[in-house]
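All remarks here apply to the structure that follows.
The values are calculated or read from the model by the stated rules, or taken from the named source; none is laboratory data. These numbers were taken from a predicted model, which means no experiment stands behind them. Quick reminder, even Gly has a Cβ in these numbers, built from the backbone with ideal geometry, and neighbours come from all protein chains shown.
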Amino acid sequence: MDVVVLVDGEHYPPVVSSAIEELKKTHNVLAAIFLGGTEKIKIGQDISKVFAVPVYKSGDYISDIRAAVDRHKPEAAIDLSDEPVVNYDDRFKIASELALLGVDYVGADFRFTAIKYQKIFTKPSLSVIGTGKRIGKTAVAGYICRLLKNEGFNPVAVTMGRGGPGHPEVIEGDKIEITPSYLVSESLHGKHASSDHYEDALTSRIRTIGCRRCGGGMMGQPYSSVVVEGCRLAESLENDYVVLEGSGASFAPVETDHFVTVAGCNQKTEHLLGFFGRYRLKKADLVVLTHCEEPIASKAKIDDVYFGVKKINPGAKVFKTVFRPKPLGDIKGKKVIYTSALADEMVGKISEYIGCEFGCTIVSASNKLSNRPLLMKDLSSMEKADVLLTELKASAVDVATKYALEKGMEVVYCDNIPICDEGSLDEAVRCLIKG
């Protein structure tokens, strides 16, 4: 295996040299990248002669990693350094950078395997990936699909979910009417009818391909998935643009022309800007920050995340957004039960918005779509209403929709629309898709 090594000056050079020579018995050591440290290096000592390999030592180890990988094309970087020159944060920075370059990162007791992206698409493509669950990836992906349609494209969305089908499943959202009864019927046939491919088909009226995945690695590689098969299916169809939608913090190991990263300001700042949040942010051409409002995130936190993202990826366009629901049917003048997966502190705020914006009366609200027993308990205790308004997530079909239809209520699904505080997200997306 062709490798480079990461070294420091807190080890005596002969000790490092000995480790390199031992490594050469099983690997082709092409170069060393000096990470820093001065304690064990003599004044004027040329460590490249001691190590007997080219040494990259500019003082900026990230730049040196890029230069060494570009020149030598290693399969892996083996870390022979240690504290105090590199700490945990440094090593995640290194791991993220190497992952972006397609190089594995190996240490004494760890190995981070870079995702090997498959090249499948000949048609234009875009990935929507995220830094976690419940941050709005599906809403952003649906928004992008609608914008593509408005720009004259015929997009297909490929989704991957923890409740998706065992084989890629096509929903002709541009041709069929996706009604509450249809979704309940799908659920009764053993399907997870709230999966993302149903939601995208409903909200964007496009063809979608649903796929299954299980497990997710730290960088986003699913452990088990049929999404590559789904991407090959998308490539074979007449659609002229493919949108890949991630699941949680996982995404398809497939090469696309562009990456849009969705990051929730409701998440921990250190998870967004550190660990492999950094990797997801650095992959992005465009970053959509969601949940940028109080009480879910303070202004100080939102600013910290925004400027942190700009520092990590200066070339990406970054937008601060909030989501607001948009009913896909008329609820004016009606008594409404609203079910969602909102955070507790947002239920009152969003319920008030719906009532004011769409001229209805919210008589009850539950944010327990992700907890079936609690949702059923909430619904059973609610005042009678004309309409159930619900997000299409989690138990929206098999519990909420089924309950409402049994009670003779109308069911209206709602989309979530990203709204920017400044700048034009529409224009930024147009620039990507027409790029």
Picked from the stretch 388-408 (must be modelled with pLDDT of 95 or more, among the hydrophobic types (A, V, I, L, M, F, W, C) and crowded, with 22+ Cβ neighbours inside 10 Å), the residue nearest to G355 (Cα to Cα) is L389
Based on what the data block shows, is G152 in a loop (DSSP other than H, G, I, E, B) and either crowded, with 16+ Cβ neighbours inside 10 Å or in contact (Cβ under 8 Å) with a residue 40 or more places away in the chain (or both)? no
Residues of the stretch 17-51 being closer than 16 Å to P84 by Cα and either modelled with pLDDT of 90 or more or surrounded by 12 or more Cβ atoms within 10 Å (Cβ to Cβ) (or both), which ones? F34, L35, G36, G37, K40, I41
Among the residues of the stretch 117-133, what is the count of those that are surrounded by 19 or more Cβ atoms within 10 Å (Cβ to Cβ) and either modelled with pLDDT under 95 or on the phi > 0 side of the Ramachandran plot (or both)? 0
For the stretch 78-112, what are the residues that are over 24 Å from L272 (Cβ atoms) and over 26 Å from the mean Cα position of the chain (by Cα)? I78, D79, L80, S81, D82, E83, P84, V85, G107, A108, D109
Unique match (being among the small types (G, A, S) and either modelled with pLDDT under 95 or surrounded by fewer than 20 Cβ atoms within 10 Å (Cβ to Cβ) (or both)) among G210, G164: G164
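Part of a loop (DSSP other than H, G, I, E, B), of a type outside the set (D, E, K, R) and either in contact (Cβ under 8 Å) with a residue 12 or more places away in the chain or surrounded by fewer than 16 Cβ atoms within 10 Å (Cβ to Cβ) (or both): is that true of M382 in this structure?
Details: part of a loop (DSSP other than H, G, I, E, B): yes; of a type outside the set (D, E, K, R): yes; either in contact (Cβ under 8 Å) with a residue 12 or more places away in the chain or surrounded by fewer than 16 Cβ atoms within 10 Å (Cβ to Cβ) (or both): yes.
The answer is yes for M382.
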Tally time: how many residues in the stretch 164-186 are in contact (Cβ under 8 Å) with a residue 40 or more places away in the chain and part of a loop (DSSP other than H, G, I, E, B)? 5
